[in-house]
Amino acid sequence: MNGTFILLAITPNAPIIWGFIRINSEYLAIKTALAPIMNNLLRSAIDYSPNTYSQAMLIAQLLPAQAALPHLDNIQEYLRVPMACYLSSVVILSVAYLQFLYQLVKESRKFRIIAEVEREEETKSYLDDEADRIRYLNNRIRQQHDAVLQHVVMTYISTIVFIPVLIWMFIGSFQDAYIVKPHWWNIALIGLHGPYAVVTSISLFLLQKTTS
């Protein structure tokens, strides 16, 4: 089971790496195509004068930038590959891990019931002071056990919160020029960081509350 889990986690890395290598090469091609235009505009800015300014001349300087458009389209295509792999890996791992999480919670409850019965039997043979100390230690152990279980559950939740955002990003990637739309980037940045930050903060709060 552990080998399968590791395999599912590592397999998507190959197309993700390939996709970002292609994206980087297209980005460098865009920089190469735009570099002469930027240099020309910087030289023109030095001699700028309202009397000699011409929109037609500016448009003529910007027209070569059309050579970068095919590379931008390629970036949009290649970006779908990491998104699709990331989404599929998160979904597969979430579904696969769900059964382990269920078994963990089930066995944890069973172990806790058995442990409670055994501890009660043990404390009956001690004096009052010793029994109180044993109960205190057992209570601390139970709190730590609950903290670990809560942390495992919150870690799982912190993973599945990515799924809705990734689905939205992947569907939105089929729109024209999505990569230059601010709202796509805003939702992507906030959606991939905001829910994760909230869930991890709740997890730390519960962990501190349980162990304090």
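Quick note: the coordinates plus some simple rules give every number you see, no bench work behind them. Everything quoted here is computed from the prediction, not taken from an experiment. Note that we place each Cβ from the backbone using ideal geometry, even for glycine, and neighbour counts take in every protein chain shown.
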Length added when fully stretched, Leu62-Phe20, from 0.36 nm per residue minus Cα-Cα: 12.3 nm
Chymotrypsin sites (Phe, Trp or Tyr not before Pro) within the stretch 38-109, DSSP loop, no more than 11 other Cβ atoms inside 10 Å: Tyr48, Tyr53
Computed E for His145/Ile92 - FRET, C-beta separation, R0 25 angstrom, nearest 0.05: 0.30
Exposure proxy order (Cβ contacts within 10 Å, fewest to most) of Glu26, Glu107, Glu77: Glu107, Glu77, Glu26
Taking Thr52, Thr159 and counting other C-beta atoms within 10 Å, the order from fewest to most: Thr52, Thr159
